[in-house]
Amino acid sequence: MSANYRRFLKILEKWPIDKTKTGRDLGEDLREQLKVLLVREQQPGFSAEEFSKNLDCLSRISTNVHGKSFPRNSRNTATGLSGEQCNQVLSSEFLEYMNPK
C-alpha cells in the first residue's frame with residue numbers, strides 16, 4: 001500500500017485545493033477520501049487492486065492524458081464563456097450572491 005499511498009500523494013500535488021469552491025472542490029474531496037481509504041485499508045475486504053485501478057484513473061485525469069490526446073480548437077465552452085469566466089461563475093462567492101435570501 002505504501003507505493004499506492006505515494007502515488008496518491010503525487011496526484012494530490014497536481015490537484016491543489018481551490019479556495020473559491022470551499023466545500024465543492026475536487027482537491028478537497030480527494031484529501032478527505034484519502035483519509036477514508038487509510039482507515040479502510042486496515043479492515044478486512046480491502047481490495048488493493050481496485051484501489052490501484054482508481055489511482056490509475058485519477059492519474060490519467062490529473063496529467064490531462066485525454067485533453068492532450070484530443071486537443072480542442074476553440075477556447076470557448078458550450079455556454080459561450082471562456083474557461084476563466086466559467087470559473088468565476090462557479091465560485092462560491094458568485095453562487096452565494098445569486099442565491100435568493
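Values for this structure:
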{"quantity": "14 Å beta-carbon shell around GLY83, net charge (K/R +1, D/E -1)", "calculated": "0"}
{"quantity": "Å² per residue, accessible surface of the chain at 1.4 Å", "calculated": "78"}
{"quantity": "For the chain: relative contact order, % (alpha-carbon pairs under 8 angstrom, 6 or more apart)", "calculated": "30"}
{"quantity": "Local net charge near LYS35, Cβ-Cβ under 15 Å (Lys/Arg +1, Asp/Glu -1)", "calculated": "-2"}
{"quantity": "Candidate lysines for bridging to LYS53, where Cα separation is under 20 Å - those fewer than 8 sequence places away on the same chain excluded", "calculated": "LYS10, LYS14, LYS35"}
{"quantity": "The range 71-101-the range 32-61 distance, computed between alpha-carbon centres (Å)", "calculated": "32"}
{"quantity": "Carbon plus sulfur fraction of accessible area for the chain, probe 1.4 Å, in percent", "calculated": "55"}
{"quantity": "With DNA, RNA and ligands ignored, accessible area of SER91 (1.4 Å probe; Å², nearest 10)", "calculated": "10"}
{"quantity": "Probe 1.4 Å - accessible area at LYS68, Å² to nearest ten", "calculated": "150"}
{"quantity": "Accessible-area value, THR22, 1.4 Å probe, nucleic acids and ligands omitted, Å²", "calculated": "100"}
{"quantity": "Derived scalar couplings ³J(HN,Hα) [the range 32-39; Karplus, 6.51 cos²θ - 1.76 cosθ + 1.60; whole Hz; x for Gly, Pro]", "calculated": "5, 5, 4, 4, 5, 5, 5, 6"}
{"quantity": "Backbone HN-Hα couplings from phi across the range 10-15 [Karplus 6.51/-1.76/1.60, Hz, Gly and Pro as x]", "calculated": "5, 5, 5, 4, 7, 10"}
{"quantity": "Correct option for Kirkwood radius over Cα pairs in Å [calculated from the coordinates] among (i) 14.4; (ii) 16.2; (iii) 17.4", "calculated": "(ii)"}
{"quantity": "Calculated [θ] (222 nm, deg cm²/dmol) that DSSP helices of n ≥ 4 give over the chain, each run adding -39,500 (n - 2.57)", "calculated": "-18000 deg cm²/dmol"}
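The values are calculated or read from the model by the stated rules, or taken from the named source; none is laboratory data. Note that the coordinates shown come from a computational prediction; the quantities given were computed from them, not determined experimentally. FYI the Cβ positions are ideal-geometry reconstructions off the backbone, even for glycines, and counts take in every protein chain you see. Remember, those area values only see protein heavy atoms, side chains included, never the ligands or the DNA or RNA. Shrake-Rupley method; radii C 1.70, N 1.55, O 1.52, S 1.80 Å.
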